[in-house]
Amino acid sequence: MKLNRLLPPAALALSLIGAALPGHAAETTRVLTRESVIARYADAQSRFIDVDGVDVHYKDEGSGPVLLLVHGTLGDLSDWDAWAAVLSRHYRVLRLDLPAFGLTGPLRSGNYSVDRWLSLVDAFMDRLGAERFAIAGTSYGGLVAFRYAATRTDRVTGLILANSAGIQTGKGPSEVEKPSAKARKIPDASVFSSPVITADDIEANLYHLLADEALVTPERVARKLAYANMRGRGEEAIAGRTLYERGDPQRVLAHVRAPALVLWGAANRALNIETAQAFADAMKNACRVDVRIYPEAGHMLMVDTAARSAADVQAFLASLAAAPACRARPAAQP
């Protein structure tokens, strides 16, 4: 089938949806086969590996100390493209699509809990021969990253949190400062539960997540739209939200021992800037905690301020090798 080579991404997605539901308005747009989306969006660096029965899409670039990148909600491993291009010059950079996102296949058990994702990271890194590594996460991927670092202290050499979820549940509409008309646009559908997801819905979400509206490109919208409209993605999203338990994040963060770097976008429309310091304060037993604030960046800061944030991460990772004597602080006495 040569359709994917002849049509632009958005037209491909619409043509496949129309082919599945001819002659009437779509009752659901979540009809794209995983195979058709892989044919369109997998590239020369894409790899697939069976990890505990899950067909995981990942990329493995560079050599040296290992860094794992974990994307957030509505995310996929391509969100890290700019960081990977810089950091893979000095490090082995691994990144994967979590189940329910990107090109990774479904979890047959239906267990989309954070704990299951932690065990998936364990198995994934074992399969790739990475015993010790730094881990970076953004948004919901930050929650995965800090829970991993807090419970696998022997494996994690450093923790990087970029606008992490886990402490704050999100800003209310009145807390969003002077959004543009585009950023004020409300999606007609929830990407988590609605049967019909359109390009307008994806675009509205991206305008909320990115401060630089020029980065909401047709290509980015088309890719996110195709991923959201894969068969089964609605059920996966609902399962993940149903199984999510916030718990006590400060208690969990207190178990982090590795050096940590907290990155935050001051133009973040999703989370308050004060939450950055809340993360730093909660990691009271970490070897050290650094905080960087980017005035121009929104929630997806690794896209909004790619060069500057990647440079800060590179400096942080270099400091880990330069200061091997860094030790975890002794646990606070009750």
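Output the residues belonging to segment 97-117 that are assigned to a loop (DSSP other than H, G, I, E, B) and acidic (Asp, Glu). Once the filter is applied, which keeps residues that are assigned to a loop (DSSP other than H, G, I, E, B) and acidic (Asp, Glu), segment 97-117 yields only 97. Annotation note: Cβ proximity below 8 Å between a residue of segment 251-278 that is more than 23 Å from residue 323 (Cβ to Cβ) and a residue that is crowded, with 22+ Cβ neighbours inside 10 Å and among the hydroxyl-bearing types (Ser, Thr, Tyr) (sequence gap 6+ or interchain) occurs for 265/305; 270/139. For residue 123, are the conditions met, namely being part of a loop (DSSP other than H, G, I, E, B), farther than 19 Å from residue 238 by Cβ and over 17 Å from the mean Cα position of the chain (by Cα)? Answer is no for this residue. The single residue among 141, 110, 158, 166 that is touching a residue at least 60 places away in the same chain (Cβ under 8 Å), open to solvent by less than 20 Å² (accessible area, probe 1.4 Å) and closer than 27 Å to residue 42 by Cβ turns out to be 141. With the requirement that a residue be of a type in the set (Lys, Arg) and within 29 Å of residue 200 (Cβ to Cβ), what does segment 29-84 give you? If the condition is that a residue be of a type in the set (Lys, Arg) and within 29 Å of residue 200 (Cβ to Cβ), then 30, 34, 40 are the ones that fit.
Conditions tested, residue by residue: (1) open to solvent by less than 30 Å² (accessible area, probe 1.4 Å); (2) hydrophobic (A, V, I, L, M, F, W, C); (3) in a loop (DSSP other than H, G, I, E, B); (4) free of Cβ contacts under 8 Å to residues at least 24 places away in the same chain.
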residue	(1), (2), (3), (4)
29	yes, no, yes, no
37	yes, yes, no, no
49	yes, yes, no, no
57	yes, no, no, no
73	no, no, yes, no
86	no, yes, no, no
89	no, no, yes, no
95	yes, no, no, no
119	no, no, no, no
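Meeting the requirement of 2 or more residues that are surrounded by fewer than 21 Cβ atoms within 10 Å (Cβ to Cβ) and at negative phi, the helices (runs of 4 or more DSSP H) wholly within segment 217-332 are 218-228, 233-243, 249-253, 274-282, 306-322.
The values are calculated or read from the model by the stated rules, or taken from the named source; none is laboratory data. These numbers were taken from a predicted model, which means no experiment stands behind them. With ideal geometry, Cβ positions are generated from the backbone for all residues, glycine too; neighbour counts draw on all protein chains shown. Side chains included, ligands, DNA and RNA excluded: accessible areas come from the protein's heavy atoms. Shrake-Rupley method; radii C 1.70, N 1.55, O 1.52, S 1.80 Å.
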